[in-house]
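One structure is given below, encoded as structure tokens.
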Amino acid sequence: MKEVVIPKKFRERYNQIVDNKKSFYEFLSKPLPKTFRINTLKADKEKTLKRLEAHGFVLKSMPWFDLAFATNEERIGSTLEHFMGHIYIQELVSMLPPLTIREELEENKEVFVLDACAAPGSKTTQLSAFMHNEGLIVANDAKFERLKILKHNLEKLGCMNVVAINKDVRFLKWCETFDFILLDAPCSSEGTLRKNWNVLTKWSEGLINSLSYLQKQMIVKCFDLLKEEGALIYSTCTFAPEENECVLQHLLEKRNCKLETLKFKGLKIGNAIKEWKGVKFDSEIKKAVRIWPHHNDTGGFFIAKIRKVEK
Amino acid sequence: MKLRVIEKNERKRILDFLEERFGLKRNIFSNLLFLSNPKGKVFAVNRNVAEFAKENEIACLSLPFVRMNVNIKPTSVMLQFFGNYATKNVIDLEKKEAVEFIKGSDIFLSSSECSDGYVILKYQDFVLGCGLLKNGKIKNMLPKAKRMPVEFL
């Protein structure tokens, strides 16, 4: 296990809101399990599993998503299935946001979806598979250099319902265009510590506050891009309330919306917090969920599903 | 990226080539529209993507289908998707050859029933990609970014 020094300020912040401090910090020091998703645009699930098991891979299925698996084999990236794009190596928590709209996408594939911060395309390609290559996904990323990996993954996984654009989402000109929007916002990435300890070298409360400012602008813009009755999925991979509950609070104060309750069968979920630094949050925010690393042996995550209601 | 929906005669040229070279029937592609960039790269997309691309500036899209200049060159990505419907100019590789092909090496044949030109390389049920056969040598046409070492086949 890697010896990691977690800043005092970090501990002070999260000791206030985590349920089991000892277990939380223990899990932060553990490497993440190898996990992947079967890409149904190109692969047959049963055949793929059979082949991987024939190589001696021990696979563990996830009760909350029939296409998600963990494996004991570090070299899952050296398989023919990976080369072919039949599987996609993806952190489990990263599979959650698209899952919140899976049923709606499968019922009505002819919908318009915006993935506001799409690169490298893990969630975009998952959405594309749920839509069976129908409808339209606009995959945006503000950073031009990140489009290369997005393009690579779209091609590899066989996505034909996706266009990529390179814009700052805050300045998109459309209005009430999309049925669903995924805003996996740029964040301080505290929840990814298990795979990248460099996150701590940049970590500061100043960074958190500046990201929170950006996220508040992004969430309001994305909400305005939604059609009436459309749904916006807001997610981050951080524990910081300023980037999570505070951003939702901002949207609830600015726009007319409701949050929806999220359930993932067999996945332990943490509650959104009710207040932070003396500020009490709107009761709607309790419907958002926190995924803590020590609850399910994953990275950390925050997700909310927001419905645009009648004006 | 500037894109245009290809002309009817261009679509016919592409589908004729795929049918003639690989036995890929045109009805396999009936739901797809083809967009071309100024360099002759043709993408297969659905109707919604084509309509969106007409009116908006886009940075990139998928699926690269063929490159169309003097000749038509099928992409490995497209063949991975549709190549299992092919009835001719398909070469089945042995395990060792498949590993080499995925790594990016050219393949040398001692004999083949395929004619010179683009061929589909397969390992078991998996279409690995495109090669260019000439005088017993299959030039590897996998894009460099997609080549990789494979341990489990």
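So the values come out like this:
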read-out	value
Full-extension gain in nm, B:GLU113 to B:ASN27, via 0.36 nm per residue minus C-alpha separation	28.3 nm
Candidate lysines for bridging to A:LYS30, where Cα separation is under 27 Å - those fewer than 8 sequence places away on the same chain excluded	A:LYS2, A:LYS8, A:LYS9, A:LYS21, A:LYS22, A:LYS60, A:LYS123, A:LYS195, A:LYS202, A:LYS263, A:LYS265, A:LYS268
Backbone N within segment A:232-262 under 20 Å of label point (7 Å from A:LYS277 Cα along the Cβ vector)	A:236-254
Charge dipole (debye, nearest 20) of chain B; +1 at Cβ of Lys and Arg, -1 at Cβ of Asp and Glu	440 debye
Candidate lysines for bridging to A:LYS311, where Cα separation is under 20 Å - those fewer than 8 sequence places away on the same chain excluded	A:LYS221, A:LYS227, A:LYS254, A:LYS258
Charge context of A:TYR88, other residues only, Cβ under 14 angstrom, K/R +1, D/E -1	+3
B:GLU151, B:GLU113 arranged by Cβ crowding within 10 Å, fewest neighbours leading	B:GLU113, B:GLU151
Separation of the A:VAL5 and A:SER23 label points, Cα + 7 Å toward Cβ, nm	2.9 nm
Residues in segment B:1-27 that a label on B:GLU57 would reach, taking backbone N under 14 Å of a point 7 Å out along Cα→Cβ	B:1-3
Ascending count of other beta-carbon atoms within 10 Å, so fewest first, for A:MET95, A:MET62	A:MET62, A:MET95
Packing-based exposure ordering (other Cβ within 10 Å, fewest first) of B:TYR118, A:TYR213	A:TYR213, B:TYR118
Per-residue mean of C-beta atoms belonging to partner chains within 10 Å, peptide B:50-57	2
Dipole of segment A:1-89, positive direction: furthest Cα of A:PRO33, A:HIS82, A:ALA54, with charges on the beta-carbon	A:PRO33
GNM top mover of A:GLY230, A:GLY266, A:GLY158 - chain A, alpha-carbon springs below 10 Å	A:GLY266
Residue-count net charge about B:GLN80 - beta-carbon cut-off 9 Å; Lys, Arg +1, Asp, Glu -1	+2
Of all DSSP beta bridges in chain A, antiparallel share, percent nearest 5	60 percent
Sum of -39500 (n - 2.57) over DSSP H runs of 4+, divided by residues of chain B (222 nm, nearest 500)	-7500 deg cm²/dmol
Distance (nanometres) between label positions extended 7 Å along Cα→Cβ at B:LYS39 and B:ASN84	3.1 nm
Shielding by partners, peptide B:117-127 (average Cβ within 10 angstrom, other chains)	1
Set of lysines with alpha-carbon distance to B:LYS25 below 22 Å, sequence-local pairs under 8 removed	A:LYS42, B:LYS8, B:LYS12, B:LYS41, B:LYS73, B:LYS88, B:LYS122
Chain A - Rg and Dmax from Cα coordinates, angstrom	18.9, 56
Charge sum, other residues only, whose C-beta stays under 14 Å from A:LYS34's C-beta, Lys/Arg counted +1 and Asp/Glu -1	+1
Segment B:75-136: translational diffusion in µm²/s, Stokes-Einstein, Kirkwood Rh over Cα pairs, 20 °C, 1.002 mPa s	185 µm²/s
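Readers should treat all values here as calculations from the given coordinates under stated rules, not as data from a laboratory. As the structure is a computational prediction, the values presented were derived from the model and not from experiment. All Cβ positions, glycine included, derive from the backbone under ideal geometry; neighbour counts span all protein chains shown.
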